[in-house]
Amino acid sequence: MLGVVIHSFKTGALTSGDRAIDYCSHQESVHTIRYTHTGTVLRVRQNHRSQHETWLTQLGRFDLMSLEIVNLKKSYREPGGGLLPVINVPHFQLAEGEQVALVGRSGGGKTTLLNIISGITRPDSGSVIVGGVNVTELSEPARDRFRAERIGIVFQTFHLLPAFSALENVLLGMAFAGKQSRAHAVELMERVGLKDRMHHRPMQLSVGEQQRVSVARALASRPRLMLADEPTASVDVANQKLILDLIRETCEEKKVTLMLVTHSEEVSSQFDRIEQLSNFNQIEVTA
């Protein structure tokens, strides 16, 4: 697997033969881009425009792992002053389009790991490389932009805006990613079974219906990586299969990499790859 370290450079195209990297960041000076495992340096073809802030521009596709985690660590400060280690992952990776069910005990760090991968939470050390971009090295505005454009998230709590309808919540998620399409939003609302309730506000929807809206919103921006934190936990049994099938089939169709956290054996058993977090999260247990 080849990862890419992206340093600062101006707007331009990065090529290796006939392939181009997914993203570059824009800053004032031109330095280097190298593969983390081979040290191979790519040349930068630049123009004369520069950006004040670091942003991300799609340049095409590059044959890389969709997700790679290297030496990732995260601890939290306890009330007594000590450190509580939560994440210690030497290495983990997912290929493009691969789907994995992540299982583990409650409080074991699954949600923290998803938040670090998406750039919501900063790790203490280590790298999270998504589609060739080391998310941990981006500034906060760049992480927000990258997440909006490239990562879909289904949270345990829905984070729907109460003043807007279900359809408007989906459209707003698309707008943040610069990919707004009302037709696509309506199609997703129909696919999650909310054709007749898309103009209702969140408080007018059941808990399960709100979760289905959050799934539609996560899929709406056509992400390359989908992170789902217990997406069927608040959905009734009749709709669990609908939600899971929607996520998995859409990700498979679009070759979106999927990491889904679940406590349900019924859900995890539908995945070809099942990972127990404790098998690769090497937290030392002290007496």
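Assorted remarks:
- Qualifying residue in segment 181-194 (condition: open to solvent by 20 Å² or more (accessible area, probe 1.4 Å), of a type outside the set (Asp, Glu), part of a helix (DSSP H, G or I) and at pLDDT below 90): yes
- Scan of segment 218-233 for residues that are out of contact with any Leu (no Cβ under 8 Å at 6 or more places or on another chain) and not hydroxyl-bearing (Ser, Thr, Tyr), ordered by number: Ala218, Arg222, Pro223, Arg224, Glu230, Ala233
- Selection status of His184, under 23 Å from Thr250 (Cβ atoms), of a type outside the set (A, V, I, L, M) and touching a residue at least 40 places away in the same chain (Cβ under 8 Å): no
- Note on segment 91-136: residues that are among the acidic types (Asp, Glu) and at pLDDT below 95 amount to 1.
- Selection count, segment 91-110, where residues are farther than 18 Å from Val130 by Cβ and either part of a loop (DSSP other than H, G, I, E, B) or open to solvent by 20 Å² or more (accessible area, probe 1.4 Å) (or both): 7
- Test: residue in segment 196-212 that is of a type in the set (A, V, I, L, M, F, W, C), open to solvent by less than 10 Å² (accessible area, probe 1.4 Å) and at pLDDT below 95: no
- Total residues in segment 233-263, condition open to solvent by 40 Å² or more (accessible area, probe 1.4 Å), touching a strand residue (DSSP E or B) at 6+ places or on another chain (Cβ under 9 Å) and within 30 Å of Asn88 (Cβ to Cβ): 2
- Number of positions in segment 239-264 that are over 19 Å from the mean Cα position of the chain (by Cα) and in contact (Cβ under 8 Å) with a residue 40 or more places away in the chain: 3
- Just so you know, in segment 133-180 the residues that are in a helix (DSSP H, G or I) and of a type in the set (Phe, Trp, Tyr) include one that is least open to solvent (accessible area, probe 1.4 Å), and it is Phe146.
- Positions within segment 116-132 being outside any loop (DSSP other than H, G, I, E, B) and under 19 Å from Leu83 (Cα atoms), in sequence order: Ile116, Ser125, Gly126
- Residue that is modelled with the lowest pLDDT [pool: residues in segment 81-90 that are of a type outside the set (A, V, I, L, M, F, W, C) and in a strand (DSSP E or B)]: Pro85
The values are calculated or read from the model by the stated rules, or taken from the named source; none is laboratory data. Note that the structure is a prediction, hence the values are computed from the model and not measured. Quick reminder, even Gly has a Cβ in these numbers, built from the backbone with ideal geometry, and neighbours come from all protein chains shown. These accessible areas exclude ligands, DNA and RNA; they are computed on the full protein's heavy atoms, side chains included. Shrake-Rupley method; radii C 1.70, N 1.55, O 1.52, S 1.80 Å.
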